[in-house]
Amino acid sequence: MFTPRILAALLSLLLLVPACSEEPPSTVTSDGAMDSDASELALLQARLENLQERAQRIRDTRDIKRLQRAYGYYLDEALWDELADLFTNNATVEYARDGLYRGKERIREYLYRLGDNRSGLRAGQLNEHFQLMPVITLSDDGMTARGRWRAVILAGQYQESALWGEGPYENEYVKEDGVWKISKLRWYQTIMVPYKGGWGLNEDVNQGIYVSPEFPPDEPQTDTFGSWPETFLPPFHFDNPVGRYVPADSANAESADEGESQ
Amino acid sequence: MNYPKPVILISLLLLSSLGAAAQDDAFLALAEDIAKAEMEIQLLEDENEIENLQRIFGFYIDKHQWTQAADLFTDNATLEQGGSGVYAGKARILEYFRQLGAEGPQEGILNDHMQLQPVVHVSPDGTAKGRWHHFSQEAQLDVSHFWGTGIYENEYLKEDGVWKISKLHLYSTMRTPVDDGWQVTALPRSRPGTEFPPDQPPSVDYENYPSVYVVPFHYDNPVTAPYAVDTTVEVMSAPGAQVLASDLDKMEHRLSRLEDANDIERLQTIYGYYLARNQWDELTGIFAADGTIEIAMRGVYRGAASIRRNLNLYGVQDELPGELHNHMQYQPVIHVADDGLTANLRSRAFSMMGSFGNQGRFMGGIYENIFVKRDGQWMMFKDQQINTYFAGTDDGWINLRRSAPPGITESNPPDEPPTMQFEMYPKAFLPPYHYANPVTGRTEVVQ
């Protein structure tokens with residue numbers, strides 16, 4: 001419950017006991033007062049520690065948001081090495097229906113293959129991946145976390161293609177040596193459709209398959225989701241924070257008119 | 001950090017058996033730890049204020065509120081957008097905005113400039129930097145309509161306790177007419193004007209897509225070179241226990257408001273996820289029992305049963321075969337009341353909707369919501385959404401003339417009539433703000 005600094009201050013005083021004990025107490029008039037000061041100190045220390053832990057949880061949540069957003073900015077520019085460095089050594093990634101790839105180096109190779117084995121965008125390539133709508137849930141010990149996000153994508157190749165894309169992430173994060181990293185990335189592709197006609201008139205352009213035919217995954221797709229116009233609801237890592245609505249016994253319409261009229 | 005109890009007891013015994021000097025040292029060390037923790041809380045508040053500031057800026061730009069927007073800058077700030085060059089000083093920045101169009105929301109003009117994906121880093125010296133994604137929907141009725149993307153790398157300065165923008169630099173990435181899209185047409189970045197030339201030429205030489213340009217990052221890789229600040233505060237003499245206890249009281253109050261803002265942003269976001277898949281019982285559950293929902297001028301539905309009934313207007317619960325109903329929640333500006341029991345949120349709605357087989361639609365809009373905390377739990381108390389447009393993915397905004405929002409459904413009527421009358425683009429409408437300008441305190445609309 002004491003921070004290292006305070007403990008060190010207290011313990012280091014052991015060495016000074018003779019000197020200290022010879023000094024007359026200047027502000028403390030009795031042993032009783034000193035005891036009460038000591039318990040007061042312990043109380044303040046405990047309160048401080050509680051605030052530090054709470055502030056740390058907010059900082060952790062913010063660090064994780066910055067991490068995922070940094071991921072997005074690197075993805076925009078096809079900066080694969082910067083991206084791969086955001087993962088833990090034994091992290092997994094699973095994009096759309098490409099299957100699961102395990103370990104930082106496999107992830108790096110997967111990412112490079114997404115980008116034609118080159119770092120940086122091709123001339124004429126657009127790869128905007130906005131990282132939006134974070135719902136971050138920290139574990140009780142503050143060492144792991146989960147996050148749901150949504151990507152909105154404007155992608156394509158000048159004079160060849162233009163695509164609208166969208167899909168949610170359900171990711172996991174781990175704090176290693178005080179630094180948050182991505183330990184699991186799962187992106188679900190809701191749509192990836194041509195700009196012309198959008199999602200109303202086009203099916204998904206690749207059925208969620210990117211590089212897996214030439215670069216097989218370590219494990220097959222871990223779920224059964226299909227591709228647009230098939231729809232699905234990726235599971236949530238969090239429960240309803242307030243609680244699901246349970247209708248009263250009577251029909252909804254019966255209780256609908258309780259509101260005061262203006 | 002946890003120490004075994006005996007160690008603590010021995011420490012306490014030592015403390016009480018040592019002289020006053022030892023106690024002074026222990027109190028001084030505690031005071032320094034408290035001061036450091038307070039600085040860390042301050043930095044978290046700073047981040048929130050800076051994110052609010054940039055998002056407030058975006059909402060002003062949407063509606064051509066040039067005076068309000070320019071007032072968010074420091075006197076010596078610079079502004080540089082696209083390739084138009086650098087405008088220096090608050091007065092010039094206002095002039096720059098004014099040559100973009102008349103002050104205030106204009107009929108026939110859509111100017112939505114989303115402020116997304118903040119990566120903000122604050123320094124204890126009262127400066128900060130932020131990277132943001134820019135995503136714009138711009139139109140002039142019967143004339144033109146565009147999609148645009150870009151990156152902001154901005155700087156902020158705290159003056160007399162108030163955060164302001166000291167440098168705004170929007171690098172344009174891509175701009176295309178809606179009719180063509182970015183496969184067909186890629187517009188070049190803007191050039192310095194001759195009628196209203198900049199004070200300095202463009203600071204960076206680059207071209208828009210289809211060229212490739214990586215906008216420099218103000219931060220290093222967050223994993224291999226994490227951002228770190230020194231929050232150590234030197235304390236010269238230890239205040240008494242009472243002063244320290246009072247410091248902790250104030251810190252706890254401030255920290256609670258930070259936790260509240262975090263919880264509210266999370267709740268509003270979850271609202272968007274439930275709405276996206278017609279999860280009506282889940283969605284109704286996040287409202288207070290006496291809450292209200294008022295969407296698209298459909299009127300006020302009050303209380304859980306009515307809110308649940310209202311949601312039937314948008315489809316059958318949990319059933320969405322071949323339908324996209326993606327209702328996204330962006331750009332939250334959150335203000336928590338000092339007592340931590342109520343809070344206001346303005347945010348942006350952006351939706352991708354439609355059934356397979358028909359042209360899909362985009363919807364843009366504004367939320368002005370109220371949250372309440374009951375028994376320690378934040379809930380949605382008032383959900384009000386004011387639409388800006390519904391536009392076909394291929395039609396865009398150029399010929400969009402339907403300005404009436406959906407309105408009341410007679411077969412499933414509201415409990416109360418709409419609290420606000422509005423029309424969508426191409427009409428001009430300014431959804432009222434729950435907040436004043438964070439720099440000037442101005443609330444009135446400048447025309």
Give the range B:313-324 a look and list any residue that's within 9 Å of chain A (Cβ to nearest Cβ) and surrounded by 15 or more Cβ atoms within 10 Å (Cβ to Cβ), or say none.
-> B:Leu320, B:Glu323, B:Leu324
Are any of the residues in the range B:396-408 among the hydrophobic types (A, V, I, L, M, F, W, C), open to solvent by 40 Å² or more (accessible area, probe 1.4 Å) and not assigned by TED's automatic domain parsing to the domain that holds B:Ile293?
-> yes
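Determine if the range A:90-98 includes at least one residue that is among the polar types (S, T, N, Q) and open to solvent by less than 20 Å² (accessible area, probe 1.4 Å). Before the answer, list the steps.
Step one: of the range A:90-98, the residues among the polar types (S, T, N, Q) are A:90, A:92.
Imposing the further condition that a residue be open to solvent by less than 20 Å² (accessible area, probe 1.4 Å) reduces the set to A:92.
Among the residues of the range A:90-98, at least one is among the polar types (S, T, N, Q) and open to solvent by less than 20 Å² (accessible area, probe 1.4 Å), which makes the answer yes.
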Flag for B:Val223 being at pLDDT 95 or above and under 23 Å from B:His134 (Cβ atoms) | no
Looking for whichever is more than 10 Å from chain A (Cβ to nearest Cβ), acidic (Asp, Glu), part of a loop (DSSP other than H, G, I, E, B) and closer than 30 Å to A:Ala162 by Cβ here; the options are B:Glu207, B:Glu234. Which one fits?
-> B:Glu207
Picked from the range B:147-162 (must be more than 13 Å from chain A (Cβ to nearest Cβ) and open to solvent by 10 Å² or more (accessible area, probe 1.4 Å)), the residue nearest to B:Val178 (Cα to Cα) is B:Glu155
For the range B:385-417, which residues satisfy the criterion of being in a loop (DSSP other than H, G, I, E, B), among the aliphatic types (A, V, I, L, M) and within 21 Å of B:Ser306 (Cα to Cα)?
-> B:Ile408
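Condition first: in contact with a Ser or Thr (Cβ under 8 Å, 6 or more places away or on another chain) and either in contact (Cβ under 8 Å) with a residue 60 or more places away in the chain or surrounded by 23 or more Cβ atoms within 10 Å (Cβ to Cβ) (or both). Now tell me which residues in the range B:261-276 satisfy that.
Let us first name the residues in the range B:261-276 that are in contact with a Ser or Thr (Cβ under 8 Å, 6 or more places away or on another chain), namely B:262, B:268.
If the condition is that a residue be in contact with a Ser or Thr (Cβ under 8 Å, 6 or more places away or on another chain) and either in contact (Cβ under 8 Å) with a residue 60 or more places away in the chain or surrounded by 23 or more Cβ atoms within 10 Å (Cβ to Cβ) (or both), then B:Gln268 is the only one that fits.
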Residues in the range B:80-100 that are assigned to a helix (DSSP H, G or I), within 16 Å of B:Thr194 (Cβ to Cβ) and touching an Asp or Glu at 6+ places or on another chain (Cβ under 9 Å): how many?
-> 0
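Examine the range B:244-256 for a residue that is within 8 Å of chain A (Cβ to nearest Cβ), part of a helix (DSSP H, G or I), free of Cβ contacts under 8 Å to residues at least 24 places away in the same chain and open to solvent by less than 10 Å² (accessible area, probe 1.4 Å), and state whether such a residue exists. Don't jump to the end; show me each part of the working.
The first filter runs over the range B:244-256 and keeps only residues within 8 Å of chain A (Cβ to nearest Cβ), leaving B:244-245, B:248, B:251-252, B:255.
Then drop every residue that is not part of a helix (DSSP H, G or I), which leaves B:244-245, B:248, B:251-252, B:255.
Retained after the next criterion (residues that are free of Cβ contacts under 8 Å to residues at least 24 places away in the same chain): B:245, B:252.
Narrowing the set further to residues that are open to solvent by less than 10 Å² (accessible area, probe 1.4 Å) leaves none.
The answer is no; no qualifying residue exists.
Okay, residues lined up against (1) touching a helix residue (DSSP H, G or I) at 6+ places or on another chain (Cβ under 8 Å); (2) part of a strand (DSSP E or B):
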residue: B:Pro321; (1), (2): no, no
residue: B:Gln329; (1), (2): yes, yes
residue: B:Val333; (1), (2): yes, yes
residue: B:Gly340; (1), (2): yes, no
residue: B:Ala343; (1), (2): yes, yes
residue: B:Ser347; (1), (2): yes, yes
residue: B:Gly364; (1), (2): no, yes
residue: B:Glu368; (1), (2): no, yes
residue: B:Phe371; (1), (2): yes, yes
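In the range A:164-179, what residues are closer than 20 Å to A:Gly72 by Cβ, at the interface with chain B (Cβ under 9 Å from one of its Cβ atoms) and open to solvent by 10 Å² or more (accessible area, probe 1.4 Å)?
Hit for the range A:164-179 is A:Val179, nothing else.
The values are calculated or read from the model by the stated rules, or taken from the named source; none is laboratory data. A quick note: this is a predicted structure, and the numbers were derived from the prediction, not measured. Quick reminder, even Gly has a Cβ in these numbers, built from the backbone with ideal geometry, and neighbours come from all protein chains shown. Accessible surface areas use protein heavy atoms only, side chains included; no ligands, DNA or RNA. Shrake-Rupley method; radii C 1.70, N 1.55, O 1.52, S 1.80 Å.
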